[in-house]
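To start, the structure itself, in structure tokens.
Derivation of every value follows stated rules applied to the coordinates shown; laboratory data play no part. A quick note: this is a predicted structure, and the numbers were derived from the prediction, not measured. Glycine gets a Cβ as well: all are built from the backbone with ideal geometry, and neighbour counts include every protein chain shown.
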Amino acid sequence: PPTPDAATSSPSAPPGWRDRLDAHLRGHDWRPRALLVPILAWFAWSHTVDPGFRGIYTGINLALHEAGHLFLSWFGSSLFMVAGGTLFEVGIPLLIAVYFWRHGDVAGAIVGVFWCGTALLSVAPYMADARTQLLPLVSVGGGPVGHDWYLLLDAIGMLEQDRATARLVRGAGLLTVWGATIAMAGMLRRMRRLNEETAANPRF
């Protein structure tokens, strides 16, 4: 029969998010990743001071956008196909962030979140252009070119709020890129401390 101690003891609590984070960070060297902080900060600052800033990832974001149109066109809904561009442009970086996190690469996950923020910053001017339609548009395959956000906002009765909505999306993008930059700095600081603890106490 179980002893009184065994009967009253409770199973250990599952690890919290901080424990899982430490498990991902422990044993990794922070120094090769340190250059990411000034790089992310420079891109974030450039987006902050210049709404028209185009980073080196702009072409990748555009490719994902067009791929979203092509992929979701198979489902037969024209509005779903139109929305697919933005869904892919914003969603694929998030999926990549989740992939890196699940594989223990916290720095890669943070870069994925930062990339998602740059996608939001690419979406905002396109959204603000819904009524004026002054931005040059592209189309894969040479088909007719339509303005995604004119169609989407008009469909939900928010065409008159295109610029106000775009400001919210730009704000969300800036919060995301700056949040990812700060998270990267904090992650490297924690990684360094864990390395020092491991060196001082090899049982880790």
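Side notes on the structure shown:
- Computed lengthening from residue 62 to residue 163, 0.36 nm per intervening residue step minus Cα-Cα distance: 34.3 nm
- Using the Karplus relation 6.51 cos²θ - 1.76 cosθ + 1.60 with θ = phi - 60°, the per-residue 3J(HN,Hα) values for the stretch 65-71 come to 4, 5, 4, x, 4, 5, 5 Hz, with x marking Gly and Pro.
- Per residue convex hull volume, Cα atoms of the stretch 84-181, in Å³: 105 Å³
- Anisotropy class of the stretch 72-139 from Cα gyration tensor, a/c 1.5 cut: oblate
- Amide H contacts of residue 104 (H built 1.01 Å from N, under 5 Å, at least 5 apart or other chain): none
- Estimated FRET transfer efficiency when R0 is 41 angstrom, pair residue 131-residue 31 (beta carbons, to 0.05): 0.25
- Protection proxy ranking of 84-90, 46-52, 174-180 - average other beta-carbon atoms within 10 Å, highest first: 84-90, 174-180, 46-52
- Residue-wise HN-Hα couplings along the stretch 39-48, as the Karplus relation 6.51 cos²θ - 1.76 cosθ + 1.60 with θ = phi - 60° gives them from phi, are 5, 4, 4, 5, 5, 4, 5, 4, 5, 5 Hz; Gly and Pro carry x.
- Taking Lys and Arg as +1 and Asp and Glu as -1, the other residues whose beta-carbon sits under 14 Å from that of residue 147 total -3.
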